[in-house]
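I have placed the structure first, in the form of structure tokens, so that the comments after it can refer back to it.
The values are calculated or read from the model by the stated rules, or taken from the named source; none is laboratory data. Quick caveat: nothing in here was measured; it's all calculated off a predicted structure. Every residue, glycine as well, gets a Cβ built from its backbone with ideal geometry; the counts of neighbours run over all protein chains shown. Quick note on the areas: whole protein, heavy atoms, side chains included, nothing else; ligands and nucleic acids left out. Shrake-Rupley method; radii C 1.70, N 1.55, O 1.52, S 1.80 Å.
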Amino acid sequence: MIAAQVKRPGGPAAIEIVETPDPVPGQGELLVSVSVAGVNYVDTYYRSGLYLRQPPFGLGTEGVGTVVVGAGEFQVGDRVAWCEAPNSYAELVTVPADRAVRVPAGLTDELAVGALLQGMTAHCLVDSTFPVAGGDVVLVHAAAGGVGLLLTQLASARGARVIGTVSTDEKAALAREAGAAEVIRYDRPGSLAAEVLALTEGEGVHVVYDGVGATTFDLSLASLRRRGTLVLFGTASGPVPPVDPQRLRLGGSLYLTRPTLYDHIVTRAELEHHAEAVFDAVTAGELKIRVGHEYPLAQARQAHEDLQGRRTTGKLLLRI
Ligand code: NDP
């Protein structure tokens, strides 16, 4: 089969398209013919070596496809989606049956991949990490990104006032369309925190959802109101250096958390709960998935360049 592989971690050029033996499913695993693989920021962390895997390794963790060898509750021909199967940028992948979810008939492959990993992440962040309530003021960084557009929609649907940050006018328009009441161009000179304080009568926001990391972390802390919560859920601009807990006291008894999706979908019941919530919302038209960019598998390198070059909006897909 054809797959995208990394032999030596590095920049996007580290991605090679190779011919490799078909994977063989183990006990309790499905073999799936992949239709569409999801590109997620975490794939760049593995590719670059920020997150460690033993090379050579295949990229990707997310996709939709058709079962060719069944296991557990799944039969040959079933359409399934997953977000925790390494080597998903490939024609075939093995997926533990208890980590696969059925794709509802009303959802296309593209919408299912657009919804699963990023949608469940956004759902956990607004539902569990910091349960957003009506009247909350919420700051969402990279609000036109994959997770950002979904967070913006989910938080505004709960009655929150969302302030989004973006780097272009096109992204600002998308964030507004998703429900952001205000949008700040954080690429321009000026203090983001001062702008947030000006928009909130000097109070600051109840919660910041920060998937950008290195370049935004300090400004995120400074944008919080007393007892506000900083949800650091990613590091698109680079990792955040160690933090002195005294900064939380000085900022006004602040809370800091660094959640991952995977701690929220540990059991089968948790995975099904979050996947169903997201798939149902998409099917009902309550949550809009924007597939911003599609690439053939052979252009996986380009997909990573565009994602890290801040040239993308919404979800990126690889068509296998
Ligand atoms: P996005 O589509 O949001 O792409 C990243 C965006 O970050 C860019 O489009 C850009 O938006 C912004 N950005 C700001 N500074 C930089 C920079 N220096 N380099 C690159 N991008 C920058 O990606 P995803 O939706 O896939 O992921 C968003 C974040 O969520 C990532 O940090 C990811 O790791 C995290 N994540 C965490 C999960 C978890 O379980 N904790 C699960 C899923 C995702 P702009 O141009 O507007 O600044």
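Could you tell me what percent of the accessible area of the stretch 190-320 is made up of carbon and sulfur, with a 1.4 Å probe and every protein chain present?
52
In sequence order, what are the phi-derived ³J(HN,Hα) couplings for the stretch 149-165 according to the Karplus relation 6.51 cos²θ - 1.76 cosθ + 1.60 with θ = phi - 60°, rounded to whole Hz, with x for glycine and proline?
5, 6, 4, 4, 5, 5, 5, 5, 5, 8, x, 7, 9, 9, 10, x, 10
Find, to one decimal place in angstroms, the Kirkwood hydrodynamic radius of the stretch 122-259, where the mean of 1/r is taken over every pair of different Cα atoms and then inverted. Present the calculation step by step, with values, prior to reporting the outcome.
Working: mean 1/r = 0.0693 Å⁻¹.
Its Kirkwood hydrodynamic radius stands at 14.4 Å.
Have a look at the stretch 1-146 and give its Rg and Dmax from the Cα atoms, expressed in angstrom.
Radius of gyration, then largest Cα-Cα span, for the stretch 1-146: 16.7, 54 Å.
Rounded to the nearest 500, what is the chain's calculated 222 nm mean residue ellipticity when only DSSP H runs of at least 4 contribute -39500 (n - 2.57) each, over all residues?
-8000 deg cm²/dmol
Using only the Cα atoms, work out Rg/Rh for the stretch 179-320, with Rh taken as the Kirkwood radius, to two decimals.
1.01
Give me the extension gain from D244 to E73: residue separation times 0.36 nm, minus the current Cα-Cα distance, reported in nm with one decimal.
Values: separation 171, 0.36 × 171 = 61.56 nm, distance 4.81 nm.
So the chain would gain 56.8 nm between D244 and E73.
Leaving out ligands and nucleic acids, note down the accessible area per residue over the chain with a 1.4 angstrom probe, in whole Å².
42
In Å, what Kirkwood hydrodynamic radius results for the chain from the alpha-carbon pair distances?
20.0
Which lysines, if any, have their Cα less than 27 Å from the Cα of K288, not counting same-chain residues under 8 positions apart?
Excluding near neighbours in sequence, the set is K171, K315.
Over the residues of the stretch 105-174, compute the C-alpha Rg and express it relative to 2.2 N^0.38 Å.
1.14
Amide H neighbours of K315 under 5 Å, counting only residues 5+ apart in sequence or on other chains, H built in-plane at 1.01 Å?
R290, V291, G292, H293
Sort 136-145, 208-217 by the packing proxy (mean of other Cβ within 10 Å over each peptide's residues), most packed first.
Taking the mean over residues of other Cβ atoms within 10 Å, the ranking is 136-145, 208-217.
Quick one, what does Rg over Rh come out to for the stretch 145-221 if you take C-alpha atoms and the Kirkwood Rh?
A ratio of 0.92.
Near the amide H of Y255, under 5 Å away, which other amide H atoms are found, from residues 5 or more places off or on another chain, if H is placed in the peptide plane?
G228, T229, L230
Below 8 Å, C-alpha to C-alpha, sequence gap of six or more: please give me the relative contact order for the stretch 171-296 in percent. Intermediate values should be presented prior to the final figure.
Numbers: 142 pairs, mean separation 20.5, N = 126.
16 percent.
Give me, ordered by chain and number, the residues 5 or more places off G49 or on other chains with an amide H under 5 Å from its own placed amide H.
Sorted by chain and number, the residues that satisfy this are G10.
Whole-Hz Karplus ³J(HN,Hα) for the stretch 303-320, in order, using 6.51 cos²θ - 1.76 cosθ + 1.60 and θ = phi - 60°, x for Gly and Pro?
Coupling constants for the stretch 303-320: 4, 5, 4, 5, 4, 6, x, 6, 9, 10, 9, x, 8, 10, 10, 10, 8, 8 Hz.
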